[in-house]
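Remarks on the structure that follows.
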């Protein structure tokens, strides 16, 4: 048993017990136990009834001695004020804050594109028209403990399209000789996209059939996805290998509330 979890549960239980014990003690020993019978009355109270209620409230407050018994009053208020702190501690203990980790991936300027099948750097001639190639950033170790987490954000797919078939001007500028690179993670619920249709340049998410047009900025043409696939700007380094020229233009994956 974790010592932290045990201490959190023990102190929270003790705080709730003492609040309950204080309320019971107050009700049994400090509050008046005189029973007062009152006749039923219409929902809309008369001015006389309202005045009587306020008088009864003032009398009850005076009998409770809350104004004179400052120790009991202050400890009760203090206990009530401290109770929410346990919730803050429990929420904070769920894990480290995400900060900007959801917005960033391992892709950065100068990172070479590594073929997921051969584990070697990709070159433009390796990608033929109509093929679908998957890549990961240089330096990512498949044996690392956080490999799946990092690949869940950095997974990349590349296709080569005839330059004249690329409709989006910015997409054409971010490509290299018709090779375009987009996130493999669907923007609906984060499923991996793996189906490509050469004739239409469409990719299909197998989970919920969201369809994206890679020749037009990977915009959504069908399905529940709400955003285009993020694009990665690529080029060629001095060795003739494909490399990233930055990170994705948008956060990858499902359209979470911090997007944009």
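Values quoted throughout were computed directly from the atomic coordinates according to the rules given, and no laboratory measurement underlies them. None of the values given here were measured: they were computed from a predicted structure. Cβ atoms come from the backbone with ideal geometry, glycine included; neighbour counts cover every protein chain shown.
What angle, in degrees between 0 and 90 and rounded to the nearest 10, separates the Cα long axis of helix 70-92 from the longest principal axis of the Cα atoms of the chain? Helix 70-92 and the main axis of the chain meet at about 20 degrees.
Suppose R0 equals 22 Å; then what is the FRET efficiency for residue 239 and residue 131 from their Cβ-Cβ distance, rounded to the nearest 0.05?
Numbers: r = 22 Å, r/R0 = 0.99.
For residue 239 and residue 131, the calculated efficiency is 0.50.
Entry note: segment 35-78 has Rg to Rh equal to 1.16, where both radii use alpha-carbon atoms and Rh is the Kirkwood radius. Extents of segment 23-127, taken as max minus min of Cα coordinates on every principal axis and listed largest first, are 93, 38, 22 Å.
Estimated from helical segments only, the mean residue ellipticity of the chain at 222 nm is -10000 deg cm²/dmol, where each DSSP H run of four or more residues counts as -39500 (n - 2.57). With no solvent and one point on each alpha carbon, what is the Debye value of log10 I(q)/I(0) for the chain at q = 0.07, 0.11 Å⁻¹? Log-scaled intensity ratios, in q order: -0.50, -0.70. Look at the alpha carbon pairs under 8 Å that are at least 6 residues apart: their mean separation over the length of segment 177-254 gives a relative contact order of 29 percent.
Of all the C-alpha pairs in segment 113-244, what % are more than 27 Å from each other?
Details: 1287 of 8646 pairs.
The answer is 15 percent, as a whole percent.
For segment 1-61, what does the equivalent ellipsoid look like in terms of its semi-axes, each the square root of 5 times an eigenvalue of the Cα gyration tensor, given largest first in whole Å?
Working: eigenvalues 357, 43, 19 Å².
The answer is 42, 15, 10 Å, longest axis first.
Extending 7 Å from the Cα toward the beta-carbon at both residue 73 and residue 147 defines two label points whose distance is 6.6 nm.
For the chain, the relative contact order is 16 percent, taking Cα pairs closer than 8 Å that sit 6 or more residues apart in sequence and dividing their mean separation by the residue count.
How high is the relative contact order of segment 113-244, in percent, with contacts defined as C-alpha pairs under 8 Å that are six or more residues apart?
The normalised contact order for segment 113-244 reaches 22 percent.
Computed from the Cβ-Cβ distance with R0 of 41 Å, the FRET efficiency linking residue 167 to residue 90 stands at 0.20.
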